[in-house]
Amino acid sequence: MLFIDPTKDLDTISSRDAFERHVAEHAPAGFLEMRSQQLRAIEQNRVLLDHLKINLHGARCLDIGPGHGDSLDLWHELGASECAFVDRDPWSATHNRLKPYRPRGWQMQHFLSIQQLPERHFDFVWSYGAMSARQWYCRAFRGFGLRHWLRRVERLCRPNATIVICPHWSARDGVRLDGDPEYHWIAESFERAGFKPLPFLSGHNIEPVYPITWIKEVPRVRERTAARRVLDFAAIRKLLERISKWPAGAVAAHCLDSAMELIELADFCGFVA
């Protein structure tokens, strides 16, 4: 039996009615599961904003991995001037771009391509569950990759912007599979990138899968970290040989734009002189 990909025509859909007919015909399980959690998603965002006492009126906001996009609806209701999103899932991306207020959106893999968004543009960046230790990117690049991604996210922000990220933690039978979030390499990476953990917020955080949320206020002046370690030519040659074997997408995502990033990558690969 010939398989027909139900997502291949989503780019051509230009109306809400046509999209809902497509959803009814194909019943995408992941998207419908996110739709069933709509009220909870709005409450999770509202609880956080109330705790932080953030006024989004006139703000430019970005959701990395919005799913059903309920955060976008809340921000629009609160008067945000821009409600933007990044999501690789074609169902979510199509659903969100067809909202009445027409959010600005990018359908892409955010770990690889987040740097394609406009720099120094957003006042508030939010990501709930769009990253975890078990995703291929984090498994492959661990702390180096996460810190590099966090730097790329920060470059999208205007001075004094707020970045809030709540990672997902895999669990089985109510037990987390990757250890204590407070002492995990993910926590170390967030801290080294200048993020701080928020207290557990009932209605926002959920045990055991969303136990900890990280926040950073983007400084007015970009922080520069001095590179204290050096590479010799042999180490650089070995490093470039290693990079040449990576998939093209991963290489493109890690265009190194500072000496510190080159040294961090070399350290990750074990080639620090």
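Worth a mention:
- Take the conditions (1) modelled with pLDDT of 90 or more; (2) in a loop (DSSP other than H, G, I, E, B); PRO219 misses just one of them, which is (1).
- Residue pairs meeting the criteria (Cβ under 8 Å; at least 6 apart or on separate chains; first of a type in the set (Lys, Arg), in the stretch 131-144; second in a helix (DSSP H, G or I) and modelled with pLDDT under 85): ARG142/PHE268
- Hits in the stretch 35-94 (condition: more than 17 Å from ALA130 (Cα to Cα) and in a loop (DSSP other than H, G, I, E, B)): LYS53, ILE54, ASN55, LEU56, HIS57, GLY58, ALA59, LEU78, GLY79, ALA80, SER81
- Each residue in the stretch 109-129 was checked for being surrounded by fewer than 19 Cβ atoms within 10 Å (Cβ to Cβ) and either in a loop (DSSP other than H, G, I, E, B) or not assigned by TED's automatic domain parsing to the domain that holds LYS53 (or both), and 5 of them qualify.
- Which listed residue is within 26 Å of GLU43 (Cα to Cα), among the aliphatic types (A, V, I, L, M) and crowded, with 19+ Cβ neighbours inside 10 Å, from ALA193, ALA161, ALA171: ALA161
- Evaluated against (1) over 26 Å from SER113 (Cα atoms); (2) of a type outside the set (S, T, N, Q); (3) loosely packed, with under 14 Cβ neighbours inside 10 Å; (4) more than 23 Å from the chain's Cα centre (by Cα), VAL23 falls short on exactly one condition, (3).
- Tally, over the stretch 71-101, of residues that are among the acidic types (Asp, Glu) and crowded, with 23+ Cβ neighbours inside 10 Å: 1
- Exactly one residue among PRO199, PRO208 is over 20 Å from the mean Cα position of the chain (by Cα), surrounded by fewer than 17 Cβ atoms within 10 Å (Cβ to Cβ) and either in a loop (DSSP other than H, G, I, E, B) or touching a residue at least 60 places away in the same chain (Cβ under 8 Å) (or both), and that residue is PRO199.
- Residue within the stretch 153-173 that is assigned to a helix (DSSP H, G or I), more than 19 Å from THR213 (Cβ to Cβ) and of a type outside the set (A, V, I, L, M, F, W, C) present: no
- Flag for GLU261 being modelled with pLDDT under 85 and either outside any loop (DSSP other than H, G, I, E, B) or in the same structural domain as ALA140 (by TED's automatic domain parsing) (or both): yes
- Selection status of GLU43, assigned by TED's automatic domain parsing to the domain that holds LYS99, in contact with a Lys or Arg (Cβ under 6 Å, 6 or more places away or on another chain), within 17 Å of SER127 (Cα to Cα) and not basic (Lys, Arg): no
- Identity of the residue in the stretch 130-155, surrounded by 18 or more Cβ atoms within 10 Å (Cβ to Cβ) and small (Gly, Ala, Ser), that ends up farthest from HIS68 (Cα to Cα): GLY143
- Scanning the stretch 33-45 for any residue that is farther than 25 Å from HIS76 by Cα and not polar (S, T, N, Q) turns up nothing.
- Sole residue being among the small types (Gly, Ala, Ser), more than 24 Å from ASN205 (Cβ to Cβ) and modelled with pLDDT of 95 or more, chosen from ALA140, ALA84, ALA80: ALA84
The values are calculated or read from the model by the stated rules, or taken from the named source; none is laboratory data. On a predicted model such as this, the values are computed, not experimentally measured, just so you know. FYI the Cβ positions are ideal-geometry reconstructions off the backbone, even for glycines, and counts take in every protein chain you see.
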